[in-house]
Amino acid sequence: MADIDKLVAEMTPEEKASLTAGRDMWSTNGVPRLGIPPVRVTDGPNGARGTAMGSAGPRSVCVPCGSALGATWDPDLLGRIGELLGREARRKSARVLLAPTVNIHRSPLAGRNFECYSEDPHLSGRLAAAFVRGAQSQGVATTVKHLVANDAEFERHTISSVVDERALREIYLLPFEMAVRDGGALGVMTSYNRLNGRYNTRRRDLLQGILRDEWGFEGFVLTDWYGAADTEESARAGLDLEMPGPGRAFGPALAAAVAAGRVDPADLDGAARRLLSVFDRLGALDDAGDGPEEAIDDPADRALAREAATGAAVLLANDGLLPLDPAGTGSVALIGPHAVRPRAMGGGSSAVRPHHRANLLESLGAALGTGVHLVHEPGCGIDRGVPTLKAEVLRTPGGDAGMELEVFAGPDLTGPAVHREVAGETKFFSIGSPAAGVPDEGFSLRAIARYRPEHGGPHRFSLLQAGRARLTVGGRVVIDGFADPPPRGDAFFGLGSQEVDAAVDLAAGTEVEIVVEYSAEGAPAVHAWTIGCARPLPADLMERAEAVAAAADVAVVVVGNDDDWETEGQDRTSLDLPGRQDELVERVAAANPNTVVVVNAGAPVALPWADRVRAVLWCWFGGQELDGALADVLVGKSDPAGRLPFTLPLRLEHNPSYGNFPGENGEVRYGEGVLVGYRWYEARDLPVAHPFGHGLSYSTFSIGAPRLSSPTADAGHTLIVDVPVTNTGDRRGAEVVQLYVRPLDARAFRPPQELKAFRKVWVDPGQTVTASLELDGRAWARWDPGQPWLADAGAGWRVDPGRYLLAVGRSSADIAHEVVVEVAGE
């Protein structure tokens, strides 16, 4: 271990300040004179991507999205996922993992819900703490994000989240607190938004008062990328690192502020000391800081990603059709726009290049066996604009699927290519350099592929760009964003262009060359392009889906969203499934009474046809192994072990944020206070489609009466609640025992009940296991904001004395037993 105080004392103010701003997009500055290396960071929650983003760079393990991990209700599994992503970060020569995301599902429409765990802070906090412990066991610092009240994408860089102190403490800060106190998180990332009018990078009451003084946080605080910071205020507040580099508010600007006497040298010393202490604790001061990035496709990693996907699968409804019995099934119709390739992840900075691309048609066919005839029809499309051109219909000049990329060091596509690779996508996205040895700005590239149309006629090609790009089809420039740059649009976090399209007549079976040329010169913070192509399709897609459904023994319809509909940078406006998917389900169900619907989405969607199908299974954005995991669940090789981490409302208007989302006049008001998620629906006695915590198994379980370690409790001790769980079915399965606390003698308004403990147990047929649940003093507490005008009535956590009802069950609405405990006050 290094002597950090001695190291800081030996540094010049300029050297200390250099540590507080990034060197580039994905690394910090080093101090070569003192042997301090740069430290690399990497996104993120879905996998450790490395320094490249989008279609460039090495591949990574892609784990299920955040809401899917929330649906596992399994801290032990989250710990192992954390270990996996910690190892992956090290494979990318990174020591800081930009994860987990613990913001709350306040509105079902928030664009980044798929990246976050839950609507419930206790569930989010338990899972986050486990993830943090797992990742940091691999010598990697996690950065819990985004502190705080960053629960929407609307005007996300400027909007002020107006939250009362009690809701802030009980709901929105709690997952961060648990990740820090219980998980030992070594990093925290601030959010873009303002909190009650002030940016969190400038709030000493938050970064020093709550985070460090109250919670005992020993790590560093960094900004989100290009997040707002102020040299003097942020230094005094306790911000340590501005990303990415080069610095704007920190770095040289901070050194100058110290020299001018505008910033206390002790604030600079504190930031340098905290950063170096964490890096030393990780062993990062002994690394070179810029090692190679490895893409290792480990079978054990695949197995864990598959286990997580099955552990997240939520069986919402089932009248016995599932699991499918291959021996009794002659044919299955697999229907839906993403039925062959279900979406593995949402859109935005969490996306990675997975080792494996899901193909449900192949995996389900293998699971059903050769005796079952499996046929597919898309039925409809869901593309938001001109659909992205499918990479699988393209071939590189060398014959590989996808496009061949040539990257040039200069902005004008001249000279020898300094990097070549085959891209498995028809899109490019990079923050900074797309490859080693390529400058962050001023590079250019050319992507080449050959396309042989299946159907002749007019093809509508489109191009989205951030930077300058042009599209050539068959030797003719059809869209020229060099000569005629399109206006700014919503793509690529609002930094990209509006979509430009052009019609091109192509002959069936005649191969044409497709070329994209791109220059990063003058680009905004991101470098990106996407090719779209609306190909001539049969006009009878829906009818064809009906026909194959009618002829099959079972119809499996996969519906949901994709990374255009659920993405960072943009909220949804409706719970409805995009396109004609609802109509597709209704028509297939009318054609075949044995219809199963699989929901491939990361956030709530409306299910208006749910009572007309025999089973509904939610598979989320399940990561790179989703296809195999989903096939396992459909045929019963794996139990659907997930439970809903949010409430599924009947109507959008019922949700607690309705009328206060996404915001107006620069503010979003959290008018529901502490009544978030199920707390709201229960307090308002509103019906829901499916309650928080709901999920079925292929087996059945009996939850026995809880046994308490004591008939009374107090704030200073832990109460143990043991709950026997018996498998009364004929299959091994998972049950999630949930414990909700309801104050009966409340001295202030409280939600009807709140989740305070849970445990997932696996039980064999006929076996009884004990789920042991722990309730500490905070299980009874509420945040008392105090009365500032009274000197002896400060804010703090308060435990009101009296009776508390413990409700034990399998969801917030399915309670098996209740018992009352007398709690001594505090």
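The values are calculated or read from the model by the stated rules, or taken from the named source; none is laboratory data. In this text the structure is predicted, and so the values were computed from the model without any measurement. Glycine gets a Cβ as well: all are built from the backbone with ideal geometry, and neighbour counts include every protein chain shown. Please note that ligands, DNA and RNA were not included when accessible areas were found on the heavy atoms of the full protein model with its side chains. Shrake-Rupley method; radii C 1.70, N 1.55, O 1.52, S 1.80 Å.
Okay, here's what the table says:
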| quantity | calculated |
| --- | --- |
| Estimated 222 nm signal from helices in the chain, with DSSP H stretches of n ≥ 4 weighted -39500 (n - 2.57), rounded to 500 | -5500 deg cm²/dmol |
| Amide N of segment 807-826 lying under 20 Å from the label point, which is placed 7 angstrom from the Cα of LEU708 along Cα→Cβ | 807-810, 815-826 |
| Segment 450-596 pair-distance distribution - Cα-Cα, 10 Å bins, rounded % | 10, 27, 27, 24, 9, 1 |
| Spin-label pair ALA327/ARG612, simplified geometry with 7 Å Cα→Cβ offset, distance in nm | 3.5 nm |
| Relative contact order (%) - segment 123-213, alpha-carbon pairs under 8 angstrom, separation at least six | 41 percent |
| Cβ charges +1 (Lys, Arg) and -1 (Asp, Glu), total dipole of the chain, debye | 360 debye |
| List LYS427, LYS16, ordered by accessible area with a 1.4 Å probe, largest first | LYS427, LYS16 |
| Virtual spin-label span in nm between ASP76 and GLU214, 7 Å along Cα→Cβ | 3.4 nm |
| Anchor LYS637: lysines whose Cα lies under 28 Å away (excluding residues fewer than 8 positions away in-chain) | LYS760 |
| Accessible surface of TYR658 - all protein chains present, 1.4 Å probe, nearest 10 Å² | 120 Å² |
| Candidate lysines - alpha carbon under 26 Å from LYS427, same-chain residues fewer than 8 apart omitted | LYS92, LYS390 |
| Three-way shape label, segment 586-723, alpha-carbon gyration tensor, a/c 1.5 | oblate |
| Under the span-like rule (Cα at least 18 Å along the axis, Kyte-Doolittle mean at least -0.5), DSSP H helices of the chain | 121-136, 265-282, 299-312 |
| Potential lengthening between ASP286 and TRP797 on full extension [0.36 nm per residue; Cα-Cα distance subtracted] | 179.7 nm |
| Highest to lowest packing among 143-152, 24-33, scored as the average C-beta count within 10 Å | 143-152, 24-33 |
| By average C-beta atoms within 10 angstrom, highest first, the peptides 520-532, 239-251, 356-368 | 239-251, 520-532, 356-368 |
| Overall form of segment 651-809 per C-alpha gyration tensor (a/c, 1.5; a/b vs b/c) | oblate |
| Cα gyration tensor shape of segment 510-574, rounded if a/c is under 1.5, else prolate or oblate by comparing a/b with b/c | oblate |
| Residue-level accessible surface for SER93, protein heavy atoms, 1.4 Å, Å² | 30 Å² |
| Net charge, MET178 excluded, C-beta distance under 15 Å - Lys, Arg +1, Asp, Glu -1 | -1 |
| Mean separation of Cα contacts under 8 Å (6+ apart) over length of the chain, as relative contact order % | 15 percent |
| Solvent-accessible area per residue, Å², over the chain with all protein chains present [probe radius 1.4 Å] | 35 Å² |
| Stokes-Einstein diffusion coefficient of the chain, Kirkwood radius over Cα pairs, 37 °C, 0.692 mPa s, in µm²/s | 118 µm²/s |
| Percent carbon-and-sulfur accessible area, the chain, ignoring ligands, DNA and RNA, probe 1.4 Å | 48 percent |
| Per-peptide average of other Cβ atoms within 10 Å, ordering 129-141, 807-819 highest first | 129-141, 807-819 |
| Whole-number Å³ per residue for the convex hull built on Cα positions in segment 423-481 | 113 Å³ |
| Net charge over other residues, Cβ less than 12 angstrom from the Cβ of ASP412 (K, R count +1; D, E count -1) | 0 |
| Förster radius 25 Å - calculated FRET efficiency between ALA547 and ARG452 (Cβ-Cβ, nearest 0.05) | 0.35 |
